[in-house]
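The values are calculated or read from the model by the stated rules, or taken from the named source; none is laboratory data. None of these values were measured; they are calculated from a predicted model. Methodologically, a virtual Cβ is constructed for each residue, glycine included, from the backbone with ideal geometry; neighbour enumeration extends over all protein chains shown.
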Amino acid sequence: MMSIELAISDFQILRCFPVIFQLRPHLEQAKFVEKVRYQMKEGYQLAFLEVEKQVVAIAGFRISNCLALGKFLYIDDLVVDQLKRSHSYGQQLFQWLIEYAKNHECKHLSLDSGVQRFAAHRFYLMQRMSITSHHFSMEL
């Protein structure tokens with residue numbers, strides 16, 4: 001049985017760690033719940049897709065507003081367990097995010113993706129996303 005929920009408890013947040021670690025290998029499990037809780041104070045939410053009591057996909061996201069877009073849902077993190085890919089879990093979680101955004105009166109859904117993540121880019125394009133900008137950054 002498949003379900004998608006928001007991680008509310010520390011236990012649920014911690015259960016997401018093995019999957020998000022595949023996308024964010026710099027994270028430390030011992031500090032993960034604390035980092036997520038801190039971001040939650042700024043609007044971050046963590047959704048997880050579970051199959052047979054195993055977390056197989058996660059999405060970290062936030063709802064925000066800006067002059068350019070109005071109200072939007074921004075996806076910080078989106079990853080499917082590398083051993084569970086090609087089972088449409090990513091697509092199901094992505095569709096859940098779209099519905100969540102619509103239900104919260106968002107006008108846009110957006111994300112940034114590293115230039116080296118070719119498989120992710122194919123997935124986003126298959127979900128009918130458009131490449132609408134270049135993201136520039138600088139370490140300080």
Could you look through segment 84-140, keep only residues that are surrounded by 10 or more Cβ atoms within 10 Å (Cβ to Cβ) and of a type in the set (Phe, Trp, Tyr), and pick out the one that is modelled with the lowest pLDDT?
118
Can you say whether residue 32 is at pLDDT below 95 and either closer than 27 Å to residue 135 by Cα or of a type in the set (D, E, K, R) (or both), as far as the supplied structure shows?
no
Flagged pairs (Cβ under 7 angstrom, 6 or more apart or on separate chains; first in segment 27-39, more than 17 Å from residue 59 (Cβ to Cβ); second not β-branched (Val, Ile, Thr)) are 29/17; 33/10; 33/14
Which of the following residues is more than 24 Å from residue 132 (Cα to Cα), surrounded by 11 or more Cβ atoms within 10 Å (Cβ to Cβ) and of a type in the set (Gly, Ala, Ser): 7, 59?
7
Which of the following residues is among the aromatic types (Phe, Trp, Tyr) and closer than 20 Å to residue 97 by Cα: 11, 61?
61
Pairs under 6 Å by beta carbon, first residue over 20 Å from residue 20 (Cβ atoms) in segment 47-70, partner of a type in the set (S, T, N, Q) and part of a strand (DSSP E or B), six or more apart or different chains?
none
Quick count over segment 21-67, residues being more than 22 Å from residue 80 (Cβ to Cβ), part of a loop (DSSP other than H, G, I, E, B) and under 15 Å from the mean Cα position of the chain (by Cα), is 1
